[in-house]
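I have placed the structure first, in the form of structure tokens, so that the comments after it can refer back to it.
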Amino acid sequence: MDRRAFGRTAFHTALMMAAPGLLPALARAGTGPGNFPERPLRAVIPYPAGGVVDVTLRAALDRMSLDLPQRVVVENKPGADGRIGIESASRAPADGYTLLGVTPVLAVAQTLYPDSGIRVQNFRAIGAVAAVPSVFVVHNDVPVKTLKEFAAWARARPGAVNVPVPGAGSSLHLAQELFFEATGVRVTNVGYKGQPPSVPDLGRGQLQFALVSQNLVLPLIQSKRVRPLAVNATRRTRSLPEVPTIAEAGYPDALVQSWYGLAVHARTAPAIVDYLGAALQAAMGTADVRNRLAALDAEILALDARQFDQLLQAEATRWATLIKARDIKVDA
């Protein structure tokens with residue numbers, strides 16, 4: 001098996017293709033085709049309010065709500081690893097009034113949950129917003145200082161390293177599996193309902209290794225209960241400038257970013273998709289959105305609809321290959 005194939009995604013291509021200058025910030029937008037929108041829009045975020053997905057997407061949605069003729073009402077629909085929210089949005093009319101907050105789960109669900117009916121082609125991308133960094137960490141008792149040292153240490157202890165799985169099929173789960181595939185490490189997976197419940201166990205040493213969203217794990221790093229080995233991002237972060245990226249740590253093909261964006265029903269009129277895409281791009285060009293994302297150390301993507309569609313399709317193929325190679329199975 002060519003492990004490098006897992007790392008060749010449209011993410012890097014789309015990122016390079018993204019225009020260096022975003023659309024300028026607009027005054028309050030005029031109506032779109034057919035006087036769209038004539039009533040408030042609904043944005044379904046398949047994760048809890050206050051979580052990293054919610055906070056990231058709200059940065060753009062709040063601005064769109066100010067710029068569009070009608071406000072955008074956020075509706076959090078968490079549960080079933082994001083599938084409840086995705087299925088809710090897929091059942092909505094194809095009129096552009098229901099937006100879906102998209103995460104990598106949309107690209108994964110059709111392979112992990114083939115009976116769910118969730119498919120990438122059920123949606124049309126509006127655009128990507130940002131990718132938030134995650135950090136590979138070890139408990140402070142683990143005697144390693146680099147990711148390569150950890151791989152060697154863990155290979156000598158097959159199955160002895162406890163690792164959290166914060167939602168089967170989540171980007172963090174699959175990123176860990178990609179790293180283990182690349183290094184030949186065998187671990188014991190411990191299931192959790194999301195990331196937050198795993199963090200105390202990591203701090204206590206019940207988990208020896210984890211990939212955790214940076215904002216959640218920073219307190220443990222600052223208190224020296226865990227040691228950061230690498231940032232799963234394309235660049236070093238402002239909060240952890242001394243920590244290498246996963247590429248700098250020696251594993252460029254294991255890069256996985258938690259990217260978030262917006263989509264609508266696949267049968268939405270192209271003119272409405274274009275209108276919403278332009279509104280998102282305009283929002284992404286404003287200082288307030290950029291400042292809110294910078295506070296999260298997020299990497300601003302601002303991929304347009306075509307680029308985000310390419311990313312979704314490529315990621316669906318990438319993760320299908322990994323899921324089959326690792327024989328990853330979950331309870332439906």
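The values are calculated or read from the model by the stated rules, or taken from the named source; none is laboratory data. Model, not experiment: these values are computed from the prediction. Reconstructed Cβ throughout: ideal geometry from the backbone, glycine too, with neighbour counts over all protein chains shown.
Against the definition (within 18 Å of the chain's Cα centre (by Cα), modelled with pLDDT under 95, assigned by TED's automatic domain parsing to the domain that holds F308 and more than 17 Å from G167 (Cα to Cα)), how does V44 come out, yes or no?
Answer is no for this residue.
Is one or more of the residues making up segment 299-319 touching a Pro at 6+ places or on another chain (Cβ under 6 Å) and in a loop (DSSP other than H, G, I, E, B)?
No - not one qualifying residue is present in segment 299-319.
Tell me, which residue of segment 144-175 that is in contact with a helix residue (DSSP H, G or I) (Cβ under 7 Å, 6 or more places away or on another chain) and under 18 Å from L202 (Cβ atoms) is surrounded by the fewest Cβ atoms within 10 Å (Cβ to Cβ)?
Result: V144.
Every residue in segment 176-194 that is touching a residue at least 60 places away in the same chain (Cβ under 8 Å) and either buried (at least 22 other Cβ atoms within 10 Å of the Cβ) or touching a His at 6+ places or on another chain (Cβ under 8 Å) (or both), please.
E177, L178, F179
Just the residues that are among the small types (G, A, S) and in a helix (DSSP H, G or I), please, taken from segment 277-298.
Once the filter is applied, which keeps residues that are among the small types (G, A, S) and in a helix (DSSP H, G or I), segment 277-298 yields G277, A278, A279, A282, A283, A287, A294, A295.
Kindly indicate which of G79, G96, G101 is at pLDDT below 95 and assigned by TED's automatic domain parsing to the domain that holds A320.
Among G79, G96, G101, only G79 is at pLDDT below 95 and assigned by TED's automatic domain parsing to the domain that holds A320.
Looking at segment 320-332 only, could you name the residues that are in a helix (DSSP H, G or I) and either surrounded by fewer than 18 Cβ atoms within 10 Å (Cβ to Cβ) or not aliphatic (A, V, I, L, M) (or both)?
Within segment 320-332, A320, T321, K324, A325, R326 qualify.
Scan the strands (runs of 3 or more DSSP E) fully inside segment 196-275 and keep the ones with 1 or more residues being free of Cβ contacts under 8 Å to residues at least 60 places away in the same chain and of a type in the set (G, A, S). Let's see the steps before the verdict.
Details: elements: 209-213, 226-232, 258-265.
Counting at least 1 such residues, we get no strands (runs of 3 or more DSSP E) at all.
This table checks each residue for (1) farther than 25 Å from I246 by Cα; (2) more than 19 Å from the chain's Cα centre (by Cα).
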| site | (1), (2) |
| --- | --- |
| A59 | yes, no |
| P93 | yes, yes |
| V102 | no, no |
| L106 | no, no |
| L112 | yes, no |
| F123 | yes, no |
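Looking only at segment 259-275, filter to residues that are in contact with a Pro (Cβ under 8 Å, 6 or more places away or on another chain) and under 14 Å from G127 (Cα atoms); which one of those is surrounded by the most Cβ atoms within 10 Å (Cβ to Cβ)? Talk me through it step by step, then tell me what you get.
Taking segment 259-275 first, the residues in contact with a Pro (Cβ under 8 Å, 6 or more places away or on another chain) are 259, 265, 269, 271-272, 275.
Now narrow it down to the ones that are under 14 Å from G127 (Cα atoms): 259, 265, 272, 275.
Working: W259: 27, H265: 21, I272: 21, Y275: 21.
Result: W259.
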